[in-house]
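Have a look at the structure below, then the notes.
The numbers here are math on the coordinates, done by the rules we state, and not lab data. Just so you know, these numbers come straight off a predicted model, no measurement behind them. FYI the Cβ positions are ideal-geometry reconstructions off the backbone, even for glycines, and counts take in every protein chain you see.
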Amino acid sequence: MIVLGIETSCDETAAAVVAGGVPGPGRILSNVVASQTAEHAPFGGVVPEIAARAHASLVDGVTRQALSDAGVGLDRLSGIAVTAGPGLIGGVVVGLLFAKGLALASGLPLLPVNHLAAHALTVRLTDGVAFPYLLLLISGGHCQLIIVSGPSEYERLGTTIDDAAGEAFDKTAKLLGLGYPGGPRVETAARSGDPFRFSLPRPLLDSPGLDFSFSGLKTAVRRAAELAAPLSDPGVRDLAAAFQLAVTDILVNRTRRAMAAVRGRLGPTPAFVVAGGVAANQALRTALVEAASLEGFSFLAPPPSLCTDNGAMVAWAGLELFAAGQGLGADEQLKVSPRARWPLDMRFAGVPGAKA
Ligand SMILES: Nc1ncnc2c1ncn2[C@@H]1O[C@H](COP(=O)(O)OP(=O)(O)OP(=O)(O)O)[C@@H](O)[C@H]1O
Ligand SMILES: [Mg+2]
């Protein structure tokens, strides 16, 4: 199977061509990512209208580039995968309409992909890991612990009750004057900071259940910054390091609880996967590797470049849907609606509205 994947749900216009079969690993024939970072940077975050307009002007060229880098024409494709949600609705509309047009014109099946499923399945593209596995999904909009049992089978064990992990990184970066995009800048600053100079809370740590909370931590960072004002450069680095350590402690604590709770359901060699943009964080990965080893889980994570948004993960998720016989023909293609929210444990026909 060879699948084209198109991603436009946030601030990356991306397209890729991936080949292979389930359970993977697959082969990435091309992977083009046009980042809009420069356009959003002056505003300190993603501006949805700017993102939608940028996607509209970039998606055609990025897709052509992906096909040409891969050296394949539309006639060689098994199907066209596209993020149909969740995400910033303007961008999702652009990508989905573009993919629908391409699918209708070429007669290819359309594969509407849940963006979170694409993050969740990337590790099968890279490592061919078998279902089921425990997933920690940490991205700009989400923070969830999930059992992944199939390309459309997800059981959510816990989620954030306020901010997402990436959101916490982005807001902290803004507060510390580190700019946008926040996650990588906090990580860089934290590398040379003292994580113990500031003492920050770990909300929900050791509490029952598997949910996360980061808003109290964010408030504590603001208060610490105000108390220490004006913050020197070393002060910023120390606070960034303290914040990163607190997030790491929270994620490790919840993950170990989840591992203990579900170990018996994941077979003799349980696997733990971390995915989503925050999984690019090296300090966090190191801590999760250790947690997995202590709990008797194998550790898997996509390379950092496939943790943040890209087309290859969408193409692979589409390939999984195609292999499961879920490609949509011409009649059904037109009925697919873009979704701003689309919880992973809800099928496409699900009721809109619930927070993903
Ligand atoms: N090295 C890093 N350390 C911490 N956070 C990071 C790092 N690199 C990226 N991030 C964070 O990852 C997030 C982006 O990830 P991703 O592209 O998966 O999210 P998204 O697509 O915006 O959201 P979602 O996937 O939930 O819809 C941002 O919040 C960014 O700050
Ligand atoms: Mg994402």
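So here's what we get for this one:
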quantity	calculated
Per-peptide average of other Cβ atoms within 10 Å, ordering 305-313, 275-283, 200-208 highest first	305-313, 275-283, 200-208
Which of 120, 186, 201, positive extreme of dipole for the chain (C-beta unit charges)	201
Sites residue 188 and residue 263, calculated FRET efficiency, Cβ-Cβ separation with R0 30 Å, nearest 0.05	0.25
Dipole moment magnitude, nearest 20 debye, segment 131-306 about Cα centre, only Lys, Arg, Asp, Glu C-beta charged	80
Segment 216-256-segment 1-49 distance, computed between alpha-carbon centres (Å)	31
Packing-based exposure ordering (other Cβ within 10 Å, fewest first) of 11, 127, 331	331, 127, 11
Extension reserve of the residue 305-residue 215 stretch, reckoned as 0.36 nm per residue once the Cα distance is removed	29.7 nm
Under 11 Å, Cβ to Cβ, from residue 83 - net charge with Lys/Arg +1 and Asp/Glu -1	-2
Residue 65 versus residue 152: modelled label distance in nm, points set 7 Å from Cα along the beta carbon direction	3.3
Equivalent ellipsoid semi-axes - Cα gyration tensor, the chain, angstrom	34, 24, 17
Ratio of the Cα radius of gyration of segment 131-306 to 2.2 N^0.38 Å, where N counts its residues	1.02
Two-site FRET efficiency, residue 229 against residue 283, from Cβ-Cβ distance with R₀ of 30 Å, rounded to 0.05	0.70
Residues 255, 83, 159, 219, sorted so that the one with the fewest Cβ neighbours within 10 Å comes first	219, 159, 255, 83
Under 22 Å, Cα to Cα: Lys pairs in the chain, sequence gap 8 or more or different chains	5
Point-charge dipole on Cβ atoms (K/R +1, D/E -1) for the chain, about Cα centre, debye to 20	360
Antiparallel DSSP beta bridges within segment 131-306, as percent of all bridges there, nearest 5	60
Rounded FRET efficiency, nearest 0.05, which uses the C-beta distance separating residue 294 from residue 89 and R0 of 51 Å	0.75
Spin-label model distance (nm) - residue 57 vs residue 39, 7 Å beyond Cα toward Cβ	0.6
Estimated dipole of segment 1-78 in Debye, rounded to 20 [Cβ of Lys and Arg +1, of Asp and Glu -1, Cα centre]	260
Mean separation of Cα contacts under 8 Å (6+ apart) over length of the chain, as relative contact order %	24
Formal net charge of residues neighbouring residue 151 (Cβ-Cβ distance under 10 Å; K, R +1; D, E -1)	-1
